[in-house]
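Asks: Supplied in structure tokens, the structure appears directly below.
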Amino acid sequence: MVGLSNITPTTNMTIPADPLLIAINAYRDALDGYGKAIEGKDDWIGDSGCDALYEDLICGPFAALANWGTPASSHEVALAAIALADFEKVDSAGSTVSDAMEAAAIGFWKTAGEIKPTPDAVVLQALMIPLEGKHANVNLTAKEAADYLRVTEVTLARWRSTKLGPHYIKSGGKVLYRVSDLLDYVAKNERKGTRPDK
């Protein structure tokens, strides 16, 4: 993700903070904070304390992005918005944040006159942790499974509480995902294009 820390200011040079990038980073930080707060508390999911924590940490940053109405200010910020939109599509279908971030990115590219392609499936696949070559019965941690599926550990916890997502096991108080179950889940959810064959 593009971050302000990658920019090195020179003397007497002020770099304005980009409001959309700040909002995106605040939302990601809120998701990370929530994930760390509920880590190892699978039985807590659905509890009123969990709901209150979610509301305290995530609802504000989520609302800021869901109601975003202006185009991104640069190509880098547009890419950060598209990356978040892709994440939200995987995390929760029909997300208003995803729609708003796509609109912000497209708004920039339309006004800049340069529509840049988003990373293709090959690049995204390379970012996943490789499961090929691992024995089907190897168990992965929730973090490793989340990295493979390109979702957050919070999403996996929500899927577990609502009986969605890949099968999992509990061992010694830890949630584990068998490689075969992850591969099976991905295969079952693979979608074909909606265009007719030529």
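Asks: Near the amide H of V151, under 5 Å away, which other amide H atoms are found, from residues 5 or more places off or on another chain, if H is placed in the peptide plane?
Replies: Residues meeting the criterion, in which the H sits 1.01 Å from N, do not exist here.
Asks: Modelled label-to-label distance, I22 and T111, 7 Å Cα→beta-carbon offset: nm?
Replies: Modelled inter-label distance: 1.8 nm.
Asks: If I model a spin label at R150 and K89 as a point 7 Å from the Cα along the Cα→Cβ vector, what separation in nanometres do I get?
Replies: Inter-label distance under the simple model: 0.9 nm.
Asks: Expressed in nm to one decimal, what extension gain is obtained for the pair K174 and N67 from 0.36 nm per residue of sequence separation less their Cα-Cα distance? Write out the running numbers ahead of the final one.
Replies: On the way: separation 107, 0.36 × 107 = 38.52 nm, distance 3.73 nm.
Gain on extension, K174 to N67, equals 34.8 nm.
Asks: Mind ranking E190, E144, E102 by accessible surface for me, highest first, 1.4 Å probe? Don't skip to the answer; put the middle values down first.
Replies: Numbers: E190 130, E144 75, E102 50 Å².
Of E190, E144, E102, the descending order of accessible area is E190, E144, E102.
Asks: What does the charge count near I169 come to, summing +1 for each Lys or Arg and -1 for each Asp or Glu among other residues with Cβ under 10 Å from its Cβ?
Replies: On the way: positive: K170, K174, R178; negative: D181.
After counting each charged neighbour, the total is +2.
Asks: If you plug each phi of the stretch 64-69 into the Karplus form 6.51 cos²θ - 1.76 cosθ + 1.60 with θ = phi - 60°, what whole-Hz ³J(HN,Hα) values come out, in order, with x for Gly and Pro?
Replies: Listing the rounded values in order: 4, 6, 5, 9, 5, x Hz.
Asks: Here is a further query. Once you put a point 7 Å from the Cα of A52 and another 7 Å from the Cα of K143, both along the Cβ direction, what distance in nm separates them?
Replies: 2.9
Asks: Name the residues whose placed amide hydrogens come within less than 5 Å of the amide hydrogen of A72, ignoring near sequence neighbours (fewer than 5 apart) on the same chain.
Replies: HN-HN under 5 Å from A72: A105, G107, F108.
The values are calculated or read from the model by the stated rules, or taken from the named source; none is laboratory data. Predicted, not measured: the structure shown is a model, and the values here were computed from it. Please note: Cβ atoms are built from the backbone with ideal geometry, for glycine as well, and neighbour counts cover all protein chains shown. When the accessible area is computed, the model is the full protein with side chains, heavy atoms only, and any ligands, DNA or RNA have been set aside. Shrake-Rupley method; radii C 1.70, N 1.55, O 1.52, S 1.80 Å.
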